[in-house]
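Enquirer: The structure that follows is given in the form of structure tokens.
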Amino acid sequence: MRNLLLAAVAAIALVGPASADTIKVGVVGPFSGPFAIQGKNFKAGIDAWMALNGAKVGDDDIEIVYRDIPTADPAQAKALAQELVVKEGVQYLAGFYFTPDAMAVTPILEQANVPLVIMNAATSAIVTKSPLVVRTSFTLWQTSVPMAKVAKGRGVKKVITVVSDYGPGVDAETAFTTTFKADGGEVVESIRMPLSTNDFSPIMQRVKDSGADAVFAFLPSGPTTLGFVKAYNENGVKEAGVTFLAPGDLTQESDLPALGDSALGILTTFHYSIAHDSPENKTFVEAARKAIGNPAELSFPSVGAYDGMHVIYKMIEATGGEQNAQKAVDAVKGLAWESPRGPVAIDADSRHITQNIYLREVAKAEDGTYYNKEIQTFEKMGDPGLAAVK
């Protein structure tokens, strides 16, 4: 079966049409299961882009074809990508919430003559696996290095790190500890948890017993991050005076109502807050909230998807609708624009997104809603992690 699929992919690459009346974009993400809200955010960002910019590029209609992968499953991710290329004839692949799924797809891109636009998966190494990968999301190195600077600047001397034991978690831990130690800080212990971990009480006891001034944590956004932040409060770690530091995955906006006042004051560094104050973001949030249906569910994957569609539309413009993956990718190298998150650009060498990273603090608005208030900006951050994977 695998050989048949690869043969079909090769045939499409060789004899596919020079142009198309309808150009299909295949989007793979979690549209059911425990991470379904992230898939809803992919779709909300895509729908918002198309509502504001239309469903045509030139003479070509754009059609989005979705495939569901509820949890990280590399074999299934590759099978779905092959199905999209072979059976659906997509010219672009996009989405991918989890790093292992994105990694699994990169080997088929060149033979399929299809670019891959990463709308979330956050391990630095993904863009090094194929010259046809472009990222419009972020990486854990990009968001974690600034937090190490924040910790040192606020007088934190000893930190314990707690991360999920997979690519992004290891990246977050390495980025933070490398930067914090270089600035004279001490990492007293590093804990890596299986992705399936949902009982955090024993870990919180270790945090309290560690003697650390702060805990730096990363888990993939979803039920586990909500449980982790609750455990931080319920197990007395906050009461003990241990500061909570994390990338913004830990305080995604859709979790804040459930966390309530217990989240107030939590510091995170991230590329996007729904509260970002700009005309572009106000326009985006209005369209994305309309698309998602429940405004409280809007979260950060939506902006990665929205900007991903911006990049794909530019690729289609540059190729005139032809299926030419390398030409499409070359066309967006160095592309710069004003995103809802602020000024961004696609680095011409790495194909990774350069963007501002913001220090945010969970705050409460006058109407009683909770939000991530931006209080400091780290401008034009590239991906420090790319040097680590070379």
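Enquirer: For Cα pairs less than 8 Å apart in space and 6+ apart in sequence, what is the mean separation divided by the residue count of the chain, i.e. the relative contact order in percent?
Expert: Details: 841 pairs, mean separation 74.8, N = 390.
The value is 19 percent.
Enquirer: Whole angstrom only: what separates the Cα centroid of the range 35-67 from the Cα centroid of the range 80-118?
Expert: 17 Å
Enquirer: Through the Karplus equation 6.51 cos²θ - 1.76 cosθ + 1.60, θ set to phi - 60°, convert the phi angles of the range 323-335 into ³J(HN,Hα) values in whole Hz; use x for Gly and Pro.
Expert: Ordered by residue, 3J(HN,Hα) equals 8, 9, 4, 5, 5, 4, 5, 4, 5, 9, 5, x, 4 Hz.
Enquirer: Rank the residues TRP141, TRP337 as a footprinting-exposure proxy: fewest other Cβ atoms within 10 Å of their Cβ go first.
Expert: Going from least to most buried by this count: TRP337, TRP141.
Enquirer: Can I ask one more? How many angstrom separate the Cα center of the range 224-302 from the Cα center of the range 349-387?
Expert: Each part's Cα centre sits 12 Å from the other's.
Enquirer: Which three extents, in whole angstrom, do the alpha-carbon atoms of the range 135-249 cover along their principal axes, largest first?
Expert: If we take the Cα atoms of the range 135-249, the spans are 33, 31, 18 Å.
Enquirer: If one takes the longest principal axis of the Cα atoms in the chain, at what angle in degrees, from 0 to 90 and to the nearest 10, does the Cα axis of helix 36-53 lie?
Expert: So the helix axis and the longest Cα principal axis differ by about 50 degrees.
Enquirer: Normalise the Cα radius of gyration of the range 118-162 by 2.2 N^0.38 Å (N = residues in it) and let me know the number. Don't skip to the end; give the middle numbers.
Expert: Values: Rg = 14.2 Å, N = 45, 2.2 N^0.38 = 9.3 Å.
Here the answer is 1.52, to two decimals.
Enquirer: According to the square roots a ≥ b ≥ c of the eigenvalues of the Cα gyration tensor, what is the shape class of the range 305-390, taking rounded for a/c under 1.5, prolate for a/b larger than b/c otherwise, and oblate for the remainder? Kindly include the intermediate steps, with their values, before the conclusion.
Expert: Values: a/c = 3.40, a/b = 1.77, b/c = 1.92.
Verdict is oblate for the range 305-390.
Enquirer: Apply the Karplus parameterisation 6.51 cos²θ - 1.76 cosθ + 1.60, with θ equal to phi minus 60°, to every residue of the range 172-181 and state each ³J(HN,Hα) to the nearest whole Hz, in sequence, with x for glycine and proline.
Expert: Listing the rounded values in order: 4, 4, 5, 4, 5, 5, 4, 6, 5, 5 Hz.
Enquirer: I need the peptides 44-50, 108-114 ranked by packing, meaning the mean over residues of other C-beta atoms within 10 angstrom, with the highest value on top. All intermediate terms of the calculation are to be shown ahead of the outcome.
Expert: Numbers: 44-50: 24.4, 108-114: 20.6.
Listed from highest to lowest mean packing, they are 44-50, 108-114.
Enquirer: Can you give the relative contact order of the range 178-267 as a percent, counting alpha carbon pairs under 8 Å and 6+ residues apart?
Expert: It rounds to 28 percent for the range 178-267.
Enquirer: So, one more: Can you tell me how the chain classifies by the Cα gyration tensor, rounded, prolate or oblate, using a/c under 1.5 as the rounded cut?
Expert: prolate
Enquirer: Would you mind classifying the range 39-85 by shape? Square roots of the alpha carbon gyration tensor eigenvalues, ordered a ≥ b ≥ c; an a/c under 1.5 is rounded, otherwise it is prolate if a/b is larger than b/c and oblate if not. Display every interim value, and only then the final one.
Expert: Numbers: a/c = 4.85, a/b = 1.71, b/c = 2.83.
It is oblate, given that a/c is not under 1.5 and a/b is not larger than b/c.
Enquirer: I would also like to ask the following. Given R₀ = 22 Å, FRET efficiency for SER278-GLN376 by Cβ-Cβ distance, to 0.05?
Expert: Working: r = 16 Å, r/R0 = 0.75.
Computed FRET efficiency for SER278 and GLN376 comes out at 0.85.
Enquirer: Let me ask you something else. At R0 = 35 Å, how high is the FRET efficiency between LYS364 and LYS157 if r is their beta carbon distance? Nearest 0.05 is fine. Intermediate values should be presented prior to the final figure.
Expert: Details: r = 30 Å, r/R0 = 0.85.
Efficiency, rounded to the nearest 0.05: 0.75.
Enquirer: Right, something else. Taking the Cβ of each residue in MET119, MET204 as the centre, tally the other Cβ atoms inside 10 Å and list the residues starting with the fewest.
Expert: MET204, MET119
Enquirer: Turning to a different aspect of this structure: Order these by the 10 Å Cβ neighbour count, fewest first: THR377, THR123, THR197.
Expert: Listing THR377, THR123, THR197 from fewest to most nearby Cβ atoms yields THR377, THR197, THR123.
Enquirer: Under a Cβ-Cβ cut-off of 9 Å, what is the net charge of the residues other than SER221 that fall near it, where Lys and Arg count +1 and Asp and Glu count -1?
Expert: Summing Lys/Arg as +1 and Asp/Glu as -1 gives -2.
Enquirer: Which ³J(HN,Hα) values in Hz, rounded to whole numbers, follow from the phi angles of the range 133-141 under the Karplus curve 6.51 cos²θ - 1.76 cosθ + 1.60, where θ = phi - 60° and Gly and Pro get x?
Expert: 9, 10, 10, 10, 9, 5, 10, 5, 4
Enquirer: Pick out which of PHE244, PHE98, PHE176 has the largest mean-square fluctuation in a Gaussian network model of the chain, springs linking Cα atoms closer than 10 Å.
Expert: Judging by the Gaussian network model, the answer is PHE244.
Enquirer: For all pairs of alpha-carbon atoms in the range 71-114, what percent lies in each bin of width 10 Å, listed from the first bin to the last filled one?
Expert: Here the calculated profile for the range 71-114 is 31, 60, 9.
Enquirer: For the range 176-303, compute Rh as the Kirkwood radius over C-alpha pairs and then the Stokes-Einstein diffusion coefficient at 37 °C and 0.692 mPa s; write the answer in µm²/s, rounded to an integer.
Expert: My calculation gives 204 µm²/s for D.
Enquirer: So in the chain, what percent of DSSP beta bridges are antiparallel if you round to the nearest 5?
Expert: 40 percent
Where a number appears in this text, it was derived from the coordinates with a stated rule and is not lab data. Note that the coordinates shown come from a computational prediction; the quantities given were computed from them, not determined experimentally. No Cβ is skipped: glycine too gets one built from the backbone with ideal geometry, and neighbour counts run over all protein chains shown.
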